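Structure record follows, encoded as structure tokens.
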Amino acid sequence: MANVAVVGAQWGDEGKGKIVDWLSERADVVVRFQGGHNAGHTLVIDGKVYKLSLLPSGIVRPGKLSVIGNGVVVDPWHLAKEIDSLKSQGIVINRDNLRIAENASLILPLHRELDILREEAAGAAKIGTTGRGIGPAYEDKVGRRAIRTGDLLDLQNLRGKIDRLLLHHNALLRGFGKPELDGQKVYDELMQVRDTVVTYLDPVWHLLDEMKKGRKRILFEGAQGILLDIDHGTYPYVTSSNTIAGQAANGSGMGPSAVSYVLGIAKAYTTRVGSGPFPSEQANDIGEWIGQRGKEFGTVTGRKRRCGWFDAVLVRQAIKTSGIQGIALTKLDVLDGLEEIKVCVAYMLDGKRIDIFPSSEEAQARVEPIYQSFEGWKDSSAGARSWTQLPAQAVKYVRYLEELIECPVALLSTSPERNDTILMKDPFED
Ligand code: IMP
């Protein structure tokens with residue numbers, strides 16, 4: 001039986017929500033393995049709208065187990081808010097359907113404040129983070145001073161761990177000319193949300209192992225996109241976690257063999273939120289047109305997304321670094337009506353043609369895209385549920401992309417409506 005990992009193959013916002021929702025209906029367990037509440041997606045089920053940032057998508061479906069793995073950074077205040085909001089919409093959330101790894105790191109208010117403080121201080125060089133404290137929380141994790149979810153079970157030692165954390169943070173705050181934090185205050189604040197976290201704690205690696213033995217279908221739900229990966233993305237304009245599919249294993253406590261099929265999600269064009277290189281960006285009328293038609297505004301921050309042509313070099317690279325076996329191509333219908341569509345097929349760098357994206361920040365900023373121009377299509381592809389319902393030119397476009405990215409399109413999404421999907425390969429049937 002196949003366990004599926006779903007990852008974004010661009011800079012996030014590829015339309016994972018719809019695909020993950022479709023897959024989670026068929027999974028027994030849905031696992032988040034990286035990131036935190038910087039992610040955001042909207043699920044529409046039976047006409048009801050649910051907004052999720054931290055909780056796995058399975059949470060809105062009865063009978064599914066949702067797991068927050070050790071690779072996630074958990075803001076307990078946000079967790080409490082998201083749980084309350086879903087409960088007020090009639091969703092039942094308890095230990096039967098939600099578990100949180102006891103070795104996940106916490107995001108505290110001090111992380112959020114530091115994230116914002118740093119971005120403000122960076123001026124034009126800012127990353128354009130979501131301001132959720134994601135980066136600072138991961139820094140404390142690898143700095144071996146994080147407060148972890150499981151620390152909330154051991155109150156005798158918690159105070160000491162807070163002091164260890166504040167030794168570092170108060171030095172930073174002094175550097176910024178800000179008042180220092182008081183350990184007892186941080187402790188008291190944590191006590192307000194302790195129960196919310198503790199209720200769901202579990203050694204989830206063990207639970208997942210049991211699920212695997214029981215031949216349950218596991219869906220690993222990635223957040224952000226591969227081009228935002230801390231190692232393989234457009235560093236330093238990235239998020240602070242590994243977003244590649246390999247993290248599904250690390251961030252949940254399962255070995256690499258737990259994932260048998262990797263599905264990458266890519267839009268038929270490209271978007272990016274925040275700063276950083278974007279070779280095929282169209283900061284012009286075309287980009288504006290795509291943004292309007294594609295409703296390209298951030299779900300978490302409401303920021304307008306930068307828009308541009310499909311970059312086959314970047315998506316191919318994402319496919320390789322994540323071992324993606326099939327692509328779910330989304331938002332093809334947004335391109336309906338364009339006279340001409342361009343695809344970035346290679347770059348020029350310092351007078352030479354290259355077909356991989358360089359790793360240095362400076363070279364990334366210098367590459368010039370080489371485009372292949374493609375005739376657009378007049379008819380609508382929106383709502384198509386089979387290849388024959390697609391304009392011939394749109395089919396050609398998809399086939400052309402498959403060739404360039406060296407990966408088959410397993411699924412084609414032609415509108416936000418869940419049934420407007422053309423399925424070539426069922427990711428769970430391996
Ligand atoms: P952070 O994850 O808040 O540290 O933000 C780092 C970078 O990742 C910024 O460019 C954000 O815009 C981007 N980012 C983080 N989460 C998402 C997401 O879910 N979708 C798209 N971009 C994201």
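The values are calculated or read from the model by the stated rules, or taken from the named source; none is laboratory data. Because the structure is a prediction, the values reported are computed rather than measured. Here Cβ is always computed from backbone atoms with ideal geometry, including for glycine, and neighbour counts include all displayed protein chains. Just so you know, the surface numbers come from the protein's heavy atoms only, side chains and all, with ligands and any DNA or RNA stripped out. Shrake-Rupley method; radii C 1.70, N 1.55, O 1.52, S 1.80 Å.
Restricted to the range 284-298, and to residues there that are of a type in the set (D, E, K, R) and surrounded by fewer than 21 Cβ atoms within 10 Å (Cβ to Cβ), the residue that is farthest from the ligand (Cβ to nearest atom) is Asp285.
Can you confirm whether Val72 is closer than 18 Å to Thr243 by Cβ, crowded, with 23+ Cβ neighbours inside 10 Å and in contact with a helix residue (DSSP H, G or I) (Cβ under 6 Å, 6 or more places away or on another chain)? Steps first, answer last, please.
Details: closer than 18 Å to Thr243 by Cβ: yes; crowded, with 23+ Cβ neighbours inside 10 Å: yes; in contact with a helix residue (DSSP H, G or I) (Cβ under 6 Å, 6 or more places away or on another chain): no.
Judged against the criteria, Val72 is not a match.
Within the range 333-383, no residue satisfies the criterion of being free of Cβ contacts under 8 Å to residues at least 24 places away in the same chain and under 17 Å from Gln282 (Cβ atoms). Looking only at residues in the range 107-121 that are among the aliphatic types (A, V, I, L, M) and out of contact with any Leu (no Cβ under 8 Å at 6 or more places or on another chain), the one that is modelled with the lowest pLDDT is Ala121. Here the range 262-283 is the region considered, the condition is being touching a strand residue (DSSP E or B) at 6+ places or on another chain (Cβ under 8 Å) and among the hydroxyl-bearing types (Ser, Thr, Tyr), and the residue that is nearest to the ligand (Cβ to nearest atom) is Thr271. With respect to the conditions (1) within 13 Å of the ligand (Cβ to nearest atom); (2) out of contact with any Pro (no Cβ under 9 Å at 6 or more places or on another chain), Asn157 falls short on a single one, namely (1).
Given the criteria out of contact with any Cys (no Cβ under 7 Å at 6 or more places or on another chain), closer than 27 Å to Gln317 by Cα and open to solvent by 70 Å² or more (accessible area, probe 1.4 Å), does Asp355 qualify?
Working: out of contact with any Cys (no Cβ under 7 Å at 6 or more places or on another chain): yes; closer than 27 Å to Gln317 by Cα: yes; open to solvent by 70 Å² or more (accessible area, probe 1.4 Å): yes.
Taking the combined requirement at face value, the residue satisfies it.
Listed residues Phe357, Phe428; which is closer than 30 Å to Ala125 by Cα and either acidic (Asp, Glu) or not in a strand (DSSP E or B) (or both)?
Phe357
Of all residues in the range 150-181, which are touching a Phe, Trp or Tyr at 6+ places or on another chain (Cβ under 9 Å) and either open to solvent by less than 30 Å² (accessible area, probe 1.4 Å) or at pLDDT below 95 (or both)? Give the derivation first.
Step one: filter the range 150-181 for residues touching a Phe, Trp or Tyr at 6+ places or on another chain (Cβ under 9 Å), giving 155, 158-159, 162.
Across the range 150-181, the qualifying residues are Leu158, Ile162.
Of the residues making up the range 13-66, those that are within 16 Å of the ligand (Cβ to nearest atom), within 20 Å of Phe428 (Cα to Cα) and of a type in the set (A, V, I, L, M) are Ile19, Val20.
Tell me yes or no: at least one residue of the range 35-48 is open to solvent by 30 Å² or more (accessible area, probe 1.4 Å) and in a loop (DSSP other than H, G, I, E, B). Yes; the residues of the range 35-48 include at least one that is open to solvent by 30 Å² or more (accessible area, probe 1.4 Å) and in a loop (DSSP other than H, G, I, E, B). Residues in the range 399-420 that are closer than 19 Å to Trp377 by Cα and in contact with a helix residue (DSSP H, G or I) (Cβ under 7 Å, 6 or more places away or on another chain): Leu401, Leu412, Ser413, Thr414, Ser415. Taking the criterion of being open to solvent by 10 Å² or more (accessible area, probe 1.4 Å) and either more than 21 Å from Asp209 (Cβ to Cβ) or in a loop (DSSP other than H, G, I, E, B) (or both), the residues of the range 58-68 that qualify are Val60, Arg61, Pro62, Gly63, Lys64. The condition of being open to solvent by less than 10 Å² (accessible area, probe 1.4 Å), at pLDDT 90 or above and part of a loop (DSSP other than H, G, I, E, B) holds for only one of Leu23, Leu55, that being Leu55.
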